[in-house]
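What follows is a single structure, written as structure tokens, with notes after it.
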Amino acid sequence: MTAITLSTIPKGNYYQATITFSDGVSVSSAETYPSIGEAVAAAAMKLLDMPRRLADLDRHHQPLEIVRPIETSKPTILADR
């Protein structure tokens, strides 16, 4: 099943957002946000700016699982393919 996870990690007094795809690729924001909600919203907006990534989901013909945001302790920063 295809999964996209929107998560946050603390960075000082702020939060950094991460989008993680089920194929292991993750993209983290360079910016930090004052709340978890703002960080997750920014990640969701960034996801909409990745039309090729979204089109790839359709090519795999797998159902999409939407999971709720979680806070993680380790950032994983990889560039979008």
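The values are calculated or read from the model by the stated rules, or taken from the named source; none is laboratory data. These figures come from a predicted structure and were not determined experimentally. Virtual Cβ from ideal backbone geometry, glycine too; neighbours counted across all protein chains shown. With ligands, DNA and RNA removed, areas are computed over all heavy atoms of the protein, side chains included. Shrake-Rupley method; radii C 1.70, N 1.55, O 1.52, S 1.80 Å.
For this structure, a couple of remarks:
- Residues that are in a helix (DSSP H, G or I) and loosely packed, with under 13 Cβ neighbours inside 10 Å, drawn from the range 6-52: 37, 45, 48, 51, 52
- Beta carbons closer than 8 Å, at least 6 apart along the sequence or on distinct chains, pair a first residue in the range 34-51 that is free of Cβ contacts under 8 Å to residues at least 60 places away in the same chain and among the hydrophobic types (A, V, I, L, M, F, W, C) with a second that is part of a loop (DSSP other than H, G, I, E, B) and open to solvent by 40 Å² or more (accessible area, probe 1.4 Å) for 36/69; 39/32; 40/69; 42/31; 50/80.
- Boolean, residue 41 is among the aliphatic types (A, V, I, L, M) and at pLDDT 90 or above: yes
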